Every structure is written in structure tokens, then in C-alpha cells.
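Below: one structure, written as C-alpha cells.
The values are calculated or read from the model by the stated rules, or taken from the named source; none is laboratory data. Remember, predicted model here, so these are calculated numbers, not experimental data. Neighbour counts run over all protein chains shown; Cβ positions are idealised from the backbone, glycine included. Please note that ligands, DNA and RNA were not included when accessible areas were found on the heavy atoms of the full protein model with its side chains. Shrake-Rupley method; radii C 1.70, N 1.55, O 1.52, S 1.80 Å.
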Amino acid sequence: YTILSKVHSDRNVYPSAGVLFVHVLEREYFKGEFPPYPKPGEISNDPITFNTNLMGYPDRPGWLRYIQRTPYSDGVLYGSPTVENVGKPTIIEITAYNRRTFETARHNLIINIMSAEDFPLPYQAEFFIRNMNVEEMLASEVLGDFLGAVKNVWQPERLNAINITSALDRGGRVPLPINDMKEGVYVMVGADVPFSSCLREVENPQNQLRCSQEMEPVITCDKKFRTQFHIDWCKISLVDNTKQVSTFQEVIRGEGILPDGGEYKPPSDTLKSRDYYQDFLITLAVPSAIALVLFLILAYIMCCRREGVALKRRIHCFISFRPSIQLVHHSAIQKSTKELRDMSKNREIAWPLSTLPVFHPVTGEMVPPLHTDSYDNTSMPLMQTQQ
């Protein structure tokens, strides 16, 4: 059910609506379009990148995606065509760029979407595979192995791969480059029979509780996938389209819902002219006049009313008089300090023994005291302890 084709010039492909479509852009084919290396016989391994767009538009259709990891890997176009595009040929322009020689080659891919008789399949299940990247899952052998495992568990008569989506397109984070971590991929498949009991096990209360606690649920058929595919069973989605759920809800009008005014009726061309002079007076002239009156009142108060001038002068005189008072206080303090020092010099007290004349131990001459008479004795102790 997956259409896998190699690229050729003006290639026509015929995918079915609602079935996964995969188209591989092989580098080996485009190598022949570019000049080889100067040395004959040398194997060329030019880096080649691809650009794909709908003819006449800068981007691809909404249902078609493109991925190429490195310039040394093949590009892949994939997606699920919609019913709205059935019968309308979609021309995709494929431009290959040689990153060594800066040359280009262009081909057209004509996609003719066909209608599927059994589309849509009523029972659809979406699996999240944690250990796969999208380009790895798009490989025919890997996707075939996964569909085989699903068919073994589900046992349907018809099984189609509907769509494949990278986890990054669903808001997932880019994995760290350690332990060969993968980004994860969502794979949606459809079948014509109800879901098996194994797939329904994820809906029981015990497994729902384990999922809410970020624990692995207990699924009996998980071992049939575990050898190659690590499925996150807490993210599985089961959709039963046979149960028609009515989406119509009666609208209860309240404060937040406007009454129905019917269809919009535009005004007629014969409209009368309207005079906006009164609107001008109300919106501009009146506020301007009020602002002018307030400005004049404020100017009169600030410039013509001078009650505060005398008070300001008194405050200035008081501030200028304070330094003179401080100078008088400072002079009086200095004068009193000098008078006290002079009085302390005239005290008649006994000289300390260290200041009396002594005899020289060698010559026997009398040595004058250590301090002269002009010595400031204010530092002498008042209580003499010498005998």
C-alpha cells in the first residue's frame, strides 16, 4: 500500500487518497547529470541537496513533506494525499544542487491522486515508536516489518499505512546526540475490523493509572514489537469512525454571545454627506480650550502670587547667619583650651626622678636632666609614685 518509486525525468506516479505515499530522490541518479571529477575512473561522491516545490509556488502542498538528513543521503518526499486533490494533477518541481560544482538539475514529478474505494478505513490506530527516525521508518523494509507486526496483533483483512509524522512536527524536542538517541515517529494505520483486545488493554484503569504515574503499562502483545520497535503504549491513539458523534451543541445565549443579526447588508451607494464640524469641536476644540484655561491659571499662581518671597529671604538670612555663630563658638573653645594648658604649666609639683641631674658613671660629671625647663609637663602624672 506504500508507493515507493525512483526519480526520473517528468515521472508520473499514482498514489491513492488516504494511503501513505513515499517517493525517494536518489543521489546516484543525479550524479550522471553533473560533470565528473577531473581524474577519470575516480568515484565521485559529491554533496547533493534537493529543493522541492509545487510548480508556480514557493512551497509544497500541505499534505506533502520532504526530508534529507545530510547532503550525502537520499531525499524523501512523503505524505498522505487528501480526497480534495483527487483528479487534479500535482506537479512538483525537483531541483538538485551539486555543492561541489554549484550546478543544478531540474525534473518534474507529476502526482496523479487516485480515489480509494475502501477509503477511509473506519478503525485507525496511531502508534508512537521511540527508537526510530522518520527517514528510517519510511524505508520499505522497515515499514513492511512494522505493518506485519501490527497485522499479526490486529488480524484485519485490509491494513493500510495512512500517515507517518516525525515527533519534532508534533512539538517534540531534538534528542541529545548520546547513546544513538532517536527523535521518535508517529505511524497511523487503518483497518477494516474493530481493535483487538491487545490494543484495548491500554484503556483499562490499571494501565491508565500507570501511564499517569509515568510507568510502562502492561501490554501482552508488546513482545511482538519489542524486538525491533519500542512503542510508547501510553501515547497510542485509537479512533473508531463508525461511531458517529454529533458535534452539534445547542448554543445557550448569554452575556458573551451577541444576538444573531442575520446576514450582513452593506450600505447603499446613495449615502448623504455628513458634517463633522460638531465632532471636531467636541473632540479637539473643547479639550484644547480647557487645557489653555488651566495653563493660564497655573501661570498666574506661579508668576503673579509672590507670598513666598519674604519667607524665602528670611530662610536665606538665617542660613547665612549660622556660619558666623559657629566661628564664634570655635574661637571660644580654642581660647579656653589654651588657657587651661597655660595654667597646667604653672603647677608646682615635684619633678620625677628621671628628670633630676645624675652623675656620669665613667667621668663623674653631672649630667643635666633628660628634659629642659621648657619641657611641657602637662603629660606628667599628677600622682607621684617615686620616693
Report task. Could you pull out the residue among 244, 249, 228 that is in a loop (DSSP other than H, G, I, E, B), among the polar types (S, T, N, Q), at pLDDT below 90 and surrounded by 10 or more Cβ atoms within 10 Å (Cβ to Cβ)? Result -> 228
Report task. Could you list all residues from the range 145-178 that are touching a residue at least 60 places away in the same chain (Cβ under 8 Å) and touching a Ser or Thr at 6+ places or on another chain (Cβ under 8 Å)? Result -> 153, 161, 162, 163
**Report entry** Options 67, 43: the member that is modelled with pLDDT of 90 or more and aliphatic (A, V, I, L, M)
**Finding:** 67
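Listed here are the residues, each with its yes/no results for (1) crowded, with 18+ Cβ neighbours inside 10 Å; (2) assigned to a helix (DSSP H, G or I).
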| residue | (1), (2) |
| --- | --- |
| 152 | no, yes |
| 156 | yes, no |
| 163 | yes, no |
| 169 | no, yes |
| 176 | no, no |
| 179 | no, no |
| 183 | no, no |
| 186 | yes, no |
| 195 | yes, no |
Query raised in the report: Which of the residues belonging to the range 109-130 are buried (at least 20 other Cβ atoms within 10 Å of the Cβ) and modelled with pLDDT under 85?
Result: 121
Requested in this report: Starting from residues that are assigned to a loop (DSSP other than H, G, I, E, B) and within 21 Å of residue 112 (Cβ to Cβ), keep the ones in the range 43-72 and report whichever is most open to solvent (accessible area, probe 1.4 Å).
Outcome: 57
Requested in this report: For residues that are over 16 Å from residue 70 (Cα atoms) and in a helix (DSSP H, G or I), scanning just the range 131-145, find the one that is modelled with the lowest pLDDT.
Outcome: 140
Query raised in the report: Can you tell me which residues in the range 74-108 are hydroxyl-bearing (Ser, Thr, Tyr) and either free of Cβ contacts under 8 Å to residues at least 40 places away in the same chain or exposed (fewer than 15 other Cβ atoms within 10 Å of the Cβ) (or both)?
Result: 82, 90, 95, 101, 104
Requested in this report: Residue by residue through the range 197-212, note down the ones that are surrounded by fewer than 11 Cβ atoms within 10 Å (Cβ to Cβ) and under 25 Å from residue 166 (Cα atoms).
Outcome: 212
